[in-house]
1. Just how large is the dipole of the range 206-300 about the Cα centre, in debye to the nearest 20, putting +1 at every Lys and Arg Cβ and -1 at every Asp and Glu Cβ?
2. How do Met338, Met307 stack up against each other in accessible area, from largest to smallest, with a 1.4 angstrom probe?
3. Could you name the aspartates and glutamates whose alpha carbon sits less than 15 Å from that of Lys300, not counting residues in the same chain fewer than 8 places away?
4. What ranking of Ser63, Ser132 comes out by heavy-atom accessible area, probe 1.4 Å, highest first?
5. If ligands, DNA and RNA are left out, what is the accessible area of Glu84 with a 1.4 Å probe, given in Å² to the nearest 10?
6. For the range 291-351, what is the Kirkwood hydrodynamic radius in Å, using each pair of distinct C-alpha atoms?
7. First select every other residue whose beta carbon is under 12 angstrom from the beta carbon of Met128; then total the charges, Lys and Arg +1, Asp and Glu -1.
8. Accessible area per residue of the range 203-354 at 1.4 Å probe, in Å²?
Amino acid sequence: MWIVKGHYSLFSRPPPSSLPDYALRFLHFTCCRSSKIMFSEFDSSNASISPELRQENAKALDSCYTEEQRAVILQRLNTATESELEQVKLLRGRKSVNIVKYRTRHGPFSSLESVINVPLLKYKSAIMVFDSILNPDNKRKRNKGKVHLAKFIKPDVNRAHLEDASSIISIVCGTNKIAWAHMDRARTVLDWQQAECQSFMKGTYLASDYLEDISSVISSFPAADFFLVEKPSISPQNTSLFPVMVHLRTVEAMLFALLSQAREPGSPPKVLNMMRISVGRHFDLMVGDCRTSGAETLRKMMTDSVMKRDPRVLFPHDLVLKHRNSFQMSSRNKGEEMCDALLQAVAFFELLQE
């Protein structure tokens, strides 16, 4: 395309002498995989595709397995309940819900290829799900020695100490609240509260004011093997959120100081950090680098606790009645910290089982 001042129009070729000759080349569109797009006589069907995509598209899922294996996989996906699907690798959270919704709407899966039509299930993740169904006992061997759980726990703690914990207290701080959930290793909610902190985010960050509010909150904590404090994922480069980051770091430091006790050499620390982004990934709440609300996931847990015989989390009846309306869309901000504290506790115990 040429744009030349004067009497030459946008779609007119100027005389050969006015512009140098250029060799015509094909226009490549890497976003167009198998579709063929004609663009001013240029054929984009020869666009470069990554080797991974070529390999994925070249081999159909059904051809990767024998007839007997396909029957086993489809039987499990077509008959398992949500809780049973959650026992399969990669099917926790929204994926198991989406599978049940898809087969309810469209009928049983007739082929392995049809499984990748389910939201959140793609080619590679589907293969991992299929292999996990065929080999349920093929789990990673755990090293009972010093295992560094750097992906979601800081400081480093011996895995055996974490697995022996009978109960934990999960703590999440907001801009004006502190919420906490007390949960045992059977994922039974023992207590679940939040408290307003009047001194938070007042612009002064006075240690004395913060200390009074935080001390009042932790004075109501019951005994537990570990205290789990959420580690927020706010970048210091985001200057607009700098006051929030200062506030959260202040509260975090005070929680560690007040909850940590003098311990003998070699004994594990009792106060730990858990990365907020790890909890988001565990429950499929991440959209890019941002974490979305877990209110829907929590509401489902509370409903399953009442309706199912073997729920993912067991809530006492009084807590269900007390908080059943705290996580609706209209009151999402009201229970945001409580929601995150509960999900963090669930993720802690479930990640230890993997």
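The values are calculated or read from the model by the stated rules, or taken from the named source; none is laboratory data. Computed from a predicted structure; not experimentally measured. All Cβ positions, even for glycine, are placed from backbone atoms using ideal geometry, and neighbour counts span all protein chains on display. The protein model used for the area step is the full one, side chains on, heavy atoms only, and it has no ligands, DNA or RNA in it. Shrake-Rupley method; radii C 1.70, N 1.55, O 1.52, S 1.80 Å.
1. Details: 9 positive and 10 negative charges, 61 e Å.
Around 300 debye, computed over the range 206-300.
2. Order by accessible area, largest first: Met307, Met338.
3. Glu82, Glu86, Asp284, Asp310, Asp340
4. From most accessible down to least: Ser63, Ser132.
5. Surface accessible to solvent at Glu84 totals approximately 90 Å².
6. Computed over the range 291-351, the radius equals 11.9 Å.
7. Details: positive: Lys89, Lys95, Lys122, Lys124; negative: Asp131.
Local net charge: +3.
8. Numbers: 8010 Å² over 152 residues.
That works out to 53 Å² for each residue.
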